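Everything below concerns the one structure shown next.
The values are calculated or read from the model by the stated rules, or taken from the named source; none is laboratory data. Small disclaimer: the values here were computed from a predicted structure and weren't measured. Glycine gets a Cβ as well: all are built from the backbone with ideal geometry, and neighbour counts include every protein chain shown.
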Amino acid sequence: MLNLKNNKLSLFGSTKNLEKNIDEFVNILSEVGLSFRSIVKRYLSHSTDENFEAMLEKVTEMESRADTITKQIEHALYEETLIPDSRSDVLRLLEHLDELIGMYQGNCYHFSIQKPDFPEEFHADLLSLTETVVDCVESLCLTVRAFFRDVRSVRDNAHKVTFHEKESDIKFSALARRIFNSNLELDQKMHLRYFVEKIDRISDQAEDIADELIIYSIKRSV
């Protein structure tokens, strides 16, 4: 049942363990993003050294932990008294959040395997783009927490996701343009653009999820 408490719409008022698992899942998403930011920075300064690989292994472990928590949440959802549509919305949300973690992990592996050669002149812009993308996902994490704790604040947090997504698009376009205006060979230009675009797509996914949360929150509020 929806719990009305302190004029807030909380989805799980009776199952604290379920809420704890969801919190932990969102924590992992946030931590993977912060790790990704550090991984990009480490790669640009030291390439794929031992520390880089250790950081990559940590992301893999967190992704595995997220999968375990997802299964626990799915099982618990069918024991919780929820409106059927709410259960479907939560399951779909978890699936898309898990895809977001996978996008982070995939980008990490692409750096490890393909080892793109980013000239130093592009380092600052790539780090700035990565920072904005991580900020976008951090804002999404706040939006997800709001959805489960105080649905009325979802829209305010989702607005921040949209702001960072637009900033990410601007930075992606500017960096891609700089790459193609450089004197690099065409194949290297294409390779570097591939990596820049893959990073930018993380913020696109985050905005899509935020849009879903707005719709889910409206459904719960009516």
- [ ] Of all residues in segment 42-59, count the ones that are more than 18 Å from the chain's Cα centre (by Cα) and in contact (Cβ under 8 Å) with a residue 40 or more places away in the chain.
- [x] 6
Open item on the list: Pull out all pairs, ordered by first then second residue, where Cβ-Cβ is under 7 Å, the residues are six or more apart or on different chains, the first lies in segment 174-188 and is under 14 Å from residue 119 (Cβ atoms), and the second is hydrophobic (A, V, I, L, M, F, W, C).
Closed with: 175/122; 175/126; 175/129; 175/196; 178/122; 179/122; 179/192
Open item on the list: Among the residues in segment 136-152, are any over 14 Å from the mean Cα position of the chain (by Cα) and among the hydroxyl-bearing types (Ser, Thr, Tyr)?
Closed with: no
Task: Unmet requirement for residue 128, which otherwise passes all of (1) surrounded by fewer than 20 Cβ atoms within 10 Å (Cβ to Cβ); (2) polar (S, T, N, Q); (3) in contact with a Lys or Arg (Cβ under 7 Å, 6 or more places away or on another chain); (4) within 25 Å of residue 18 (Cα to Cα) - done: (4)
Task: Positions within segment 3-26 being touching a helix residue (DSSP H, G or I) at 6+ places or on another chain (Cβ under 8 Å) and either in a helix (DSSP H, G or I) or modelled with pLDDT of 95 or more (or both), in sequence order - done: 17, 18, 19, 21, 22, 23, 24, 25, 26
TODO: For segment 129-142, indicate whether the set of residues that are over 20 Å from residue 31 (Cα atoms), in contact (Cβ under 8 Å) with a residue 60 or more places away in the chain and of a type in the set (S, T, N, Q) is non-empty.
DONE: no
TODO: Test each condition in (1) among the hydroxyl-bearing types (Ser, Thr, Tyr); (2) farther than 16 Å from residue 124 by Cβ; (3) in contact with a Phe, Trp or Tyr (Cβ under 9 Å, 6 or more places away or on another chain) for residue 182 and report the one that comes out false.
DONE: (2)
TODO: Pick out, from segment 43-160, the helices (runs of 4 or more DSSP H) lying fully within it that include 3 or more residues that are aromatic (Phe, Trp, Tyr).
DONE: 84-114
Task: Unmet requirement for residue 161, which otherwise passes all of (1) in contact (Cβ under 8 Å) with a residue 40 or more places away in the chain; (2) among the hydrophobic types (A, V, I, L, M, F, W, C); (3) out of contact with any Cys (no Cβ under 9 Å at 6 or more places or on another chain); (4) closer than 20 Å to residue 26 by Cα - done: (3)
